[in-house]
Amino acid sequence: MIKAILIFNNHGKPRMSKFYEHYTEDTEQQIIRETFHLVSKRDENVCNFLEGGLLIGGSENKLIYRHYATLYFVFCVDSSESELGILDLIQVFVETLDKCFENVCELDLIFHLDKVHNILAEMVMGGMVLETNMSEIITQVEAQGKMEKSETLTLLFIWQSMRQSQASRFSSKIS
């Protein structure tokens with residue numbers, strides 16, 4: 001089972017975190033710091049998985065990560081998960097982000113965090129992997145985007161109708 005998914009930059013600034021187990025906010029922040037410390041001090045030429053930190057379960061759990069440009073993508077998982085399967089999941093996640101944002105960068109994660117969470121929710125729910133087919137994930141995210149756009153237009157229409165109604169009532173009271 002996936003315990004947490006963390007994305008942070010080369011300086012340890014969290015850009016996204018999703019925990020599938022309950023921790024206090026202070027504990028979550030400590031986990032992020034500890035995970036960054038464990039992952040960032042490793043050489044680029046060593047394997048991409050290691051034992052989890054003390055705060056996230058120690059040797060019972062694993063940290064599986066990939067480092068792309070300025071971002072670390074880290075999945076904290078229990079011992080039942082396949083390291084290679086999670087590395088593949090990270091690759092699908094990054095490629096999906098890249099397609100949705102057209103060359104994803106750190107700023108996309110900062111300014112479109114809701115979309116990043118939506119993409120992740122199509123892939124993982126409750127710590128369990130739901131979908132790994134990138135085209136299916138993108139189809140669902142695009143459908144969700146269209147629905148949000150439609151709802152926004154509907155709300156805008158309602159708001160304009162209400163304003164016109166209020167304006168006509170106001171002008172009739174003045175006359």
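The values are calculated or read from the model by the stated rules, or taken from the named source; none is laboratory data. Computed from a predicted structure; not experimentally measured. Neighbour counts are summed over all protein chains in view; Cβ atoms, including those assigned to glycine, are modelled from backbone coordinates with ideal geometry. With ligands, DNA and RNA removed, areas are computed over all heavy atoms of the protein, side chains included. Shrake-Rupley method; radii C 1.70, N 1.55, O 1.52, S 1.80 Å.
Taking amide H as placed 1.01 Å from N in the peptide plane, R15 has its amide H under 5 Å from the amide H of I7, F8, N9, each at least 5 places away in sequence or on another chain.
Sticking with the crude label model, points 7 Å out along Cα→Cβ, report the distance from E151 to N103 in nm, one decimal please. Here the answer is 3.2 nm between the modelled labels.
Counting alpha carbon pairs within less than 8 Å and at least 6 residues apart, what relative contact order, in whole percent, applies to the chain? Walk me through the numbers on the way to the answer.
Working: 195 pairs, mean separation 33.3, N = 175.
Relative contact order of the chain: 19 percent.
Given C-alpha coordinates of the range 14-55, what is the ratio Rg to Rh with the Kirkwood estimate of Rh? Using Cα coordinates only, the ratio equals 1.00.
For the range 13-110, averaging the sequence separation of C-alpha pairs within contact (under 8 Å, six or more residues apart) and dividing by the residue count gives a relative contact order of 19 percent. Of the cross-linked pairs K18/K62; K62/K99; K18/K41; K3/K41; K3/K149; K3/K146, those separated by over 26 Å at the C-alpha level are K62/K99; K3/K149; K3/K146. Near the amide H of C105, within less than 5 Å, lie no amide hydrogens of residues on another chain or at least 5 residues away, with H placed in the peptide plane.
Given 20 °C and 1.002 mPa s, how large is the Stokes-Einstein diffusion coefficient of the chain in µm²/s, with Rh as the Kirkwood radius over Cα pairs? Intermediate results must be reported in sequence, preceding the final value.
On the way: Rh = 18.2 Å.
The estimated diffusion coefficient comes to 118 µm²/s.
Each residue of the range 72-87 was assigned a 3J(HN,Hα) from its phi angle through the Karplus curve 6.51 cos²θ - 1.76 cosθ + 1.60 (θ = phi - 60°); the sequence is 9, 10, 10, 10, 9, 10, 7, 5, 7, 7, 7, 4, 5, x, 6, 4 Hz, with glycine and proline shown as x. Modelled spin-label separation between S79 and I138, with each label point placed 7 Å from Cα along the Cα-to-Cβ direction: 3.9 nm. What a 1.4 Å probe finds exposed on the range 80-126 is 53% carbon and sulfur by accessible area, rounded to a whole percent. When the Gaussian network model of the chain links Cα atoms closer than 10 Å, the mean-square fluctuations of R66, R15, R42 top out at R42. Taking amide H as placed 1.01 Å from N in the peptide plane, K3 has its amide H under 5 Å from the amide H of C76, V77, D78, each at least 5 places away in sequence or on another chain.
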